[in-house]
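As structure tokens, the structure follows; a few thoughts come after it.
The values are calculated or read from the model by the stated rules, or taken from the named source; none is laboratory data. Values in this document were obtained by computation on a predicted structure and should not be read as measured data. Here the Cβ positions follow ideal geometry from the backbone for every residue, glycine too, while neighbour counts run over all protein chains shown.
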There are 2 protein chains.
Amino acid sequence: MSQPSDSIVAAANARARHLLTEAIPIATVSALGEQLQEGADHFAGVLEAAGLHTEIWESPGAPVVFASRSAPPGKPTVLFYGHYDVQPPDPVEAWDSPPFVATLRDEAIFGRGSGDNKGQLLAHVGAVAELIARDELDVGVKFLVEGEEEIGSPHIGGVAATQRERLAADVAITADAPVHDDGRPVVIFGVRGLLFVEVELSGAPRDLHSGNRGGIAPTPAWTLVHALASLRDSAGKVSLPGFYDPVRGPNAEERAMLDALPTSAAHLIEELGAAGAEPWQERSPWEALGFQPNCNIAGLTAGYQGPGTKTVIPARASAKIDFRLVADQDPEAVYDALVEHLHRVDPEIRVRRTASVPPSATSPAAPFANDVIAAVRTATGLEPLLRPRLGGTTPDYIFTQVLGMPSILVPYGPPDMNHHAPNERMSLAALERGVACTIEICRRLGQDAPAI
Amino acid sequence: MSQPSDSIVAAANARARHLLTEAIPIATVSALGEQLQEGADHFAGVLEAAGLHTEIWESPGAPVVFASRSAPPGKPTVLFYGHYDVQPPDPVEAWDSPPFVATLRDEAIFGRGSGDNKGQLLAHVGAVAELIARDELDVGVKFLVEGEEEIGSPHIGGVAATQRERLAADVAITADAPVHDDGRPVVIFGVRGLLFVEVELSGAPRDLHSGNRGGIAPTPAWTLVHALASLRDSAGKVSLPGFYDPVRGPNAEERAMLDALPTSAAHLIEELGAAGAEPWQERSPWEALGFQPNCNIAGLTAGYQGPGTKTVIPARASAKIDFRLVADQDPEAVYDALVEHLHRVDPEIRVRRTASVPPSATSPAAPFANDVIAAVRTATGLEPLLRPRLGGTTPDYIFTQVLGMPSILVPYGPPDMNHHAPNERMSLAALERGVACTIEICRRLGQDAPAI
């Protein structure tokens, strides 16, 4: 099998770059509900122009873009998943160029969504568009593009369940993650789940003077601190009853994959800081990220947060908490245990769930897995690493659990592209690699028969 | 002893209202270091115009305004203390009129500083100015007006120590508190001290993706939560070693005063909320506020605080904490114990002290105390309540401990004037009562000999 010719990759890559430059300015911040219809319309137009039949499906939240092109007789269909929504740009002042302007510098395109996920998704689109233009697409192709991934994909599971026939395919491919820390391509067979909650407490009707009322007023900030401290010990262990019961470690095959994943101490130190990276220089972090759940405080808010001294008793205190869950943890069960635990601390604590995504896994022995691995090898000229589970979350369960097909993640973004952080970027080389991989995946699957 | 005549009170009150309207627009926010020189210049001009010899003393922080008018031979001198700085106006959006515009409505003057402390201070100034204008001031008068009270008066103690002779007086009078909760006038004989610290932790160099790194990244927000939870138990007891050793309860005379202070259940419910007020309907809150120390979380900050879902591991987490201390607690000793405690949790925790004010007490048997009580009785036509200690903090220790004189607090502001909160206000009736009390205090002291 030869690599895709330079000319088709170059032409497809030019498409992808242009499409990304046009997509970044649409500030599709799902956390704020901003510009989501505009984003859906834009991506539908892009997919229609690429030569696919396109529909916009309404959902109880952001619209879902679906596009398809039928498989030639006897050929399989690949379903590409991506999302047009992005994380909030905060803190905006930490960006070196405006987050919603596609800015080319240092051989990369900067902007919110440049990597996560507009850039990686548009690598797929540019490749498919160029294959169609050349009449070289020998595989069925579908795109499922949602607008709520960054808020935990609350509706795509329901949409998928009602659109099983339209979404039928032989394998799902997702490029929504970074490549391995050392920059090598990686093929991933599952994700952690996500449960995101907001916890809030109220005290007096308004902030009070801590001198005049300190000692007799309600203290929601203290109650919040004690509720959180009782949730996770200082070693990181979550204290919800039954939390670890469904957790199971890697099997022998997964263990071998984990052991083969390289760990760069220099990269960890740069990213985590010297103190944080210390334990992970000695042992592999990949098992912890893929096979251990985690409870994170994503935000804490109470009282006066400006510079200097202000002696108030806060009337309200709140926290944002996310759990990353591993197979076979159930976000519903974790949520129920969490609410019960918090209400034992204080029955007045308000808990609001904003995201609930089950974990997901595909066997590396699943149909087409070897084709995908081989395609990445051919397109990049590198032996791809194999990773059993991603630390992050995609709604991968809709493919493995709702639609019943194997699902494989093939990320293209470099590890330093600042997903969810200021100065998010997509290197030009990574974008081109994504285009080349997509072309090669389509070619290889086009030589296969569909799964039975 | 007759009440001050209506005409002198009315004239002095007109002066005070005019002065307050002029003073509110100067946004002297000491926490932000804003407009402090302008504030000092303004108040110096006001005191000079009132007929006092005025100086501005430089300090390592905000300038201090000193004004004096010598005592007639054989007469005592009264030292009025106040401050020209104010709290930050946050949350600005909660104000019904702009915080730095003096707005008259509902028989009150609204604006930041209208009560705390510009309004109460200018009641003194208006009264003294009118007495001087009528040549009826028979007592020596000094004013000490600082610009850092709201950030814990870090420099006024040092200034007082180097200006002992200029500041010499027979009794200090401060109007920097609300009157009693039921609106009755109160005379107060001490204050709680204050220790304010900012606690901060850092993790990774920047916020990280909680999926990609959750479980291996440093977690400063969790460390902060555990550090705080270990500082105070859920019942409110501070766990610093030795913290309660110097605390002593009220003596018999103080206990009698506390028992005589009325507690209004309706007022407590309005202010604290039904749940918060419940315990204090059964027993007196005044002992807790005056004779028990308290540890308050004034602010909590970490990660994403906007609406919706953002899955970041915060790179930094911080808290603002204030301790209210009672005689004979030493803020220096509490600070040392706090730092040692926090560093046992994590040696990397940064602790920054922004305010440190010792508690203070004056005996109700001190010279001139009965004159002040009688003056308030005469001026208001009401029997003043006597309160051993204020829950809040003023730098009262500079009078009792640095300058060695009795110090008495006579507040004028109503209890609902929203000190430190949005819609701070000073009722017109309260301002007039402050003017009347000041006139009567000066008259009574003018009939006395100085203390030996």
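Taken as a whole, region B:370-377 holds no residue that is surrounded by fewer than 16 Cβ atoms within 10 Å (Cβ to Cβ), more than 28 Å from B:L261 (Cα to Cα) and either in the same structural domain as B:G214 (by TED's automatic domain parsing) or under 24 Å from the mean Cα position of the chain (by Cα) (or both). Close Cβ contacts (under 7 Å, 6 or more residues apart or on different chains) running from residues in region A:200-227 that are closer than 21 Å to B:N423 by Cβ to residues that are surrounded by 24 or more Cβ atoms within 10 Å (Cβ to Cβ) and hydroxyl-bearing (S, T, Y) comprise A:G203/A:T219; A:H209/A:T311; A:S210/A:T311; A:G211/A:T311; A:G211/B:T393. Beta carbons closer than 8 Å, at least 6 apart along the sequence or on distinct chains, pair a first residue in region B:261-272 that is at negative phi with a second that is hydroxyl-bearing (S, T, Y) for B:L261/B:S284; B:T263/B:S284. Take the residues in region A:290-308 that are modelled with pLDDT of 95 or more, facing chain B (nearest Cβ under 7 Å) and in contact with a helix residue (DSSP H, G or I) (Cβ under 9 Å, 6 or more places away or on another chain), then tell me which one is nearest to B:A421 (Cα to Cα). Ranking the candidates gives A:G303 first. Looking at B:G82, B:G74, just one residue is touching a residue at least 40 places away in the same chain (Cβ under 8 Å) and assigned to a strand (DSSP E or B), and that residue is B:G82.
Under the condition of being closer than 14 Å to B:T393 by Cα and part of a strand (DSSP E or B), the residues counted in region B:319-355 number 5. Comparison of A:A217, A:A277 shows that the only residue that is aliphatic (A, V, I, L, M) and modelled with pLDDT of 95 or more is A:A217. The residue that is farthest from the chain's Cα centre (by Cα), counting only those in region B:179-232 that are under 24 Å from B:R389 (Cα atoms) and of a type in the set (K, R), is B:R232. Checked against the criterion of being surrounded by fewer than 24 Cβ atoms within 10 Å (Cβ to Cβ), out of contact with any strand residue (DSSP E or B) (no Cβ under 8 Å at 6 or more places or on another chain), over 26 Å from A:G308 (Cβ atoms) and not β-branched (V, I, T), the candidates B:A168, B:A108, B:A161, B:A129 yield just one match: B:A129.
Residue by residue, here is whether (1) crowded, with 24+ Cβ neighbours inside 10 Å; (2) under 23 Å from B:L390 (Cα atoms); (3) small (G, A, S) holds:
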| position | (1), (2), (3) |
| --- | --- |
| B:Y412 | yes, yes, no |
| B:A421 | no, yes, yes |
| B:E424 | yes, yes, no |
| B:A429 | no, yes, yes |
| B:V435 | yes, yes, no |
| B:I439 | yes, no, no |
| B:D448 | no, no, no |
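Could you check, for region B:178-201, whether at least one of its residues is crowded, with 24+ Cβ neighbours inside 10 Å, under 28 Å from A:D116 (Cβ atoms) and either facing another protein chain (nearest Cβ under 8 Å) or not β-branched (V, I, T) (or both)? Taking every residue of region B:178-201 in turn, at least one turns out to be crowded, with 24+ Cβ neighbours inside 10 Å, under 28 Å from A:D116 (Cβ atoms) and either facing another protein chain (nearest Cβ under 8 Å) or not β-branched (V, I, T) (or both). Note on region B:247-290: enclosed helices (runs of 4 or more DSSP H) holding 3 or more residues that are within 23 Å of B:G193 (Cα to Cα) are B:252-260. Residues that are at the interface with chain A (Cβ under 7 Å from one of its Cβ atoms) and either over 23 Å from A:E287 (Cα atoms) or of a type in the set (G, A, S) (or both) within region B:207-243 comprise B:S210, B:G211, B:G214, B:G215, B:A217, B:A221, B:V225, B:H226, B:L228, B:A229, B:R232, B:S234, listed in sequence order.
Here B:R248 does not fit the description of being touching a helix residue (DSSP H, G or I) at 6+ places or on another chain (Cβ under 9 Å), in contact (Cβ under 8 Å) with a residue 12 or more places away in the chain, basic (K, R) and surrounded by 14 or more Cβ atoms within 10 Å (Cβ to Cβ).
Only one entry in A:D90, A:D96 is out of contact with any Gly (no Cβ under 9 Å at 6 or more places or on another chain) and among the acidic types (D, E), namely A:D96.
In region A:379-398, the residues that are assigned by TED's automatic domain parsing to the domain that holds A:F80 and within 30 Å of A:A161 (Cβ to Cβ) form Cβ pairs under 7 Å with partners that are in a loop (DSSP other than H, G, I, E, B) and among the hydroxyl-bearing types (S, T, Y), at six or more places apart or across chains, as follows: A:P395/A:S153. Residues that are assigned to a loop (DSSP other than H, G, I, E, B) and in contact with a Cys (Cβ under 7 Å, 6 or more places away or on another chain) within region B:183-235 comprise just one, B:L231.
Taking (1) at pLDDT 95 or above; (2) buried (at least 21 other Cβ atoms within 10 Å of the Cβ) in turn, B:H343 satisfies each apart from (2). If we keep just the residues of region B:396-420 that are closer than 15 Å to B:I109 by Cα and touching a His at 6+ places or on another chain (Cβ under 8 Å), which is nearest to the other protein chains (Cβ to nearest Cβ)? My answer is B:H419. For the condition in contact (Cβ under 8 Å) with a residue 40 or more places away in the chain, closer than 16 Å to B:S210 by Cα, among the β-branched types (V, I, T) and buried (at least 21 other Cβ atoms within 10 Å of the Cβ), A:I297 qualifies. Once region A:13-44 is narrowed to residues that are assigned to a helix (DSSP H, G or I) and in contact with a strand residue (DSSP E or B) (Cβ under 8 Å, 6 or more places away or on another chain), the residue that is nearest to A:V159 (Cα to Cα) is A:A40.
Would you mind stating whether B:S153 is within 12 Å of chain A (Cβ to nearest Cβ), in a loop (DSSP other than H, G, I, E, B), of a type in the set (S, T, N, Q) and farther than 30 Å from B:L431 by Cβ? Give the derivation first.
On the way: within 12 Å of chain A (Cβ to nearest Cβ): yes; in a loop (DSSP other than H, G, I, E, B): yes; of a type in the set (S, T, N, Q): yes; farther than 30 Å from B:L431 by Cβ: no.
Criteria not met by B:S153.
Please work out which residue is modelled with the highest pLDDT, limiting yourself to region B:413-425 and to residues that are farther than 15 Å from B:H83 by Cβ and either assigned to a loop (DSSP other than H, G, I, E, B) or touching a helix residue (DSSP H, G or I) at 6+ places or on another chain (Cβ under 8 Å) (or both). Explain how you work it out, then say what you get.
Initially, region B:413-425 is screened for residues farther than 15 Å from B:H83 by Cβ, giving B:414-418, B:421-423, B:425.
After this cut, where a residue has to be either assigned to a loop (DSSP other than H, G, I, E, B) or touching a helix residue (DSSP H, G or I) at 6+ places or on another chain (Cβ under 8 Å) (or both) as well, the list is B:414-418, B:421-423.
Numbers: B:P414: 82, B:P415: 76, B:D416: 73, B:M417: 78, B:N418: 78, B:A421: 81, B:P422: 91, B:N423: 94.
Looking at the filtered set, the residue picked out is B:N423.
When region A:251-278 is limited to residues that are at the interface with chain B (Cβ under 10 Å from one of its Cβ atoms) and touching a strand residue (DSSP E or B) at 6+ places or on another chain (Cβ under 9 Å), the one that is surrounded by the fewest Cβ atoms within 10 Å (Cβ to Cβ) turns out to be A:G273.
Only one residue in B:S97, B:S114 is surrounded by 22 or more Cβ atoms within 10 Å (Cβ to Cβ), at negative phi and assigned to a loop (DSSP other than H, G, I, E, B). Which one?
B:S114
Among the residues of region B:360-376, those that are out of contact with any Ser or Thr (no Cβ under 8 Å at 6 or more places or on another chain) and touching a residue at least 12 places away in the same chain (Cβ under 8 Å) comprise B:S363, B:P364, B:A366, B:P367, B:F368, B:D371, B:V372, B:I373, B:A374, B:A375, B:V376.
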